[in-house]
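J.: Below is a structure I'd like to ask you about.
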Amino acid sequence: MDSTHRLVPLFTSQQIASRISELAAEIKRDYHDRCPLMLGVLKGSFVFLADLVRQLDFPVELDFIRVASYGAGQETSGRVKLLSEPVAAVEGRHVLLVEDIVDSGITTDFINGWLKAKGTASVKLCALLDKPSRRRREVGVDYRGFVVPDRFVVGYGLDMDEKYRNLPGISVLNGE
Ligand code: PRP
């Protein structure tokens, strides 16, 4: 690991797994007869999405949208780049966006706008982490794993300059 950073554990993989089971029960209650299109927001959501869908015992479809706004920094640039559209047609679908974290809300706001313009039947958001203290756009989180403080968090899909995504738990990154 990068010697200039110290990782302080925030959520263990066991705590995350247990919370995901609860989220899956909520999602099942609302979507069990709607075959939602679960849209993972790459790259950060890939670990969460993989664990979440394996807790769902009803028909779902999966696709991905890839956007980026942070580059190598710890602050959003405020400009969201759509790097890759979903392959699936989203028109008329019940879309469940899956995010690792909602911070400023700028990414979610951008994707919501993009999806609405495509004529989706509904759009909801499932985010493992919510950092409401940083919000710059009003976005609703329909299924929320954990609220996190205003600290930079890594692991379980979340990166700092592309590193740490592979950690099994979530940690706070402290500079020296
Ligand atoms: C991260 C994260 C969310 C977004 C949240 O993505 O995965 O998509 O930032 O931040 P916001 O609410 O302030 O917009 P990032 O742009 O870093 O790309 P990545 O998923 O590839 O790491």
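Bear in mind that the values in this text are calculations on the coordinates, not laboratory data. As the structure is a prediction and not an experimental result, all values here were calculated from the model. Glycine also receives a Cβ, built like all others from the backbone with ideal geometry; neighbour counts cover every protein chain displayed.
J.: Roughly how tilted is helix 106-117, in degrees to the nearest 10 and between 0 and 90, from the longest Cα axis of the chain?
T.: So the helix axis and the longest Cα principal axis differ by about 10 degrees.
J.: Using DSSP to call loops (not H, G, I, E or B), can you name the trypsin sites (Lys or Arg not before Pro) in region 94-176 whose Cβ has at most 16 other Cβ atoms within 10 angstrom?
T.: Sparse-neighbourhood loop trypsin sites (Lys or Arg not before Pro): Lys118, Arg135, Arg136, Arg137, Arg151.
J.: Looking at the P(r) of region 117-176, how many percent of alpha-carbon pairs lie beyond 14 Å?
T.: Percentage above 14 Å: 65.
J.: Among Val172, Val47, Val95, Val80, which comes first, then next, by fewest other beta-carbon atoms within 10 Å?
T.: Val172, Val80, Val47, Val95
J.: Which of the trypsin sites (Lys or Arg not before Pro) across region 1-88 are loop residues per DSSP, with 16 or fewer other Cβ within 10 Å?
T.: Sites meeting the loop and neighbour criteria: Arg34, Arg54, Arg79.
J.: In angstroms, what radius of gyration and Dmax does region 27-164 have, counting Cα atoms only?
T.: Values for region 27-164 (Cα only, Rg and Dmax): 14.2, 41 Å.
J.: If I model a spin label as a point 7 Å beyond the Cα along the Cα-Cβ vector, how far apart are those points for Ala121 and Lys28 in nm?
T.: 2.1 nm
J.: Something else now. If you place +1 on the Cβ of every Lys and Arg, -1 on the Cβ of every Asp and Glu, and leave all else neutral, what size is the dipole of region 14-78 about its Cα centre, to the nearest 20 Debye?
T.: My answer is approximately 120 debye.
J.: May I pose another question? Only sites in a loop by DSSP and with at most 11 other Cβ atoms within 10 Å count here; which GluC sites (Glu not before Pro) in region 1-110 make the cut?
T.: Sites meeting the loop and neighbour criteria: Glu91.
J.: Contour minus end-to-end for Val8 and Arg66, with contour as 0.36 nm per residue of separation and end-to-end as the Cα-Cα distance?
T.: Length gained, Val8 through Arg66: 18.0 nm.
J.: Also: How large is the dipole of the chain about the Cα centre if only Lys and Arg carry +1 and Asp and Glu carry -1, each at its Cβ, rounded to the nearest 20 debye?
T.: It comes to approximately 240 debye.
J.: Taking only Cα atoms, what is the 0 to 90° angle, nearest 10, from helix 13-31's long axis to the longest principal axis of the chain?
T.: 20 degrees
J.: As a footprinting exposure proxy, order Thr108, Thr76 by other Cβ within 10 Å, with the fewest listed first.
T.: So the residues, fewest neighbours to most, are Thr76, Thr108.
J.: Under 15 Å from the 7 Å Cα→Cβ point of Lys81, by amide nitrogen: which residues of region 150-175?
T.: Backbone N within reach: 161-162.
J.: Let me ask something additional. What does the helix-only formula give at 222 nm for the chain: each DSSP H stretch with n ≥ 4 adding -39500 (n - 2.57), the total divided by the residues, and the result rounded to the nearest 500 deg cm²/dmol?
T.: Taking each H run of at least 4 residues, the total per residue is -7000 deg cm²/dmol.
J.: Which residue fluctuates most in the GNM of the chain (Cα springs below 10 Å): Leu125, Leu82, Leu49?
T.: In the Gaussian network model the winner is Leu82.
J.: Over the chain, what is the relative contact order in percent, taking alpha-carbon pairs closer than 8 angstrom and at least six residues apart?
T.: 27 percent
J.: State the extension gain, in nm to one decimal, for the chain segment bounded by Glu138 and Lys163, taking 0.36 nm per residue of separation less the distance between their alpha-carbons.
T.: Gain on extension, Glu138 to Lys163, equals 6.1 nm.
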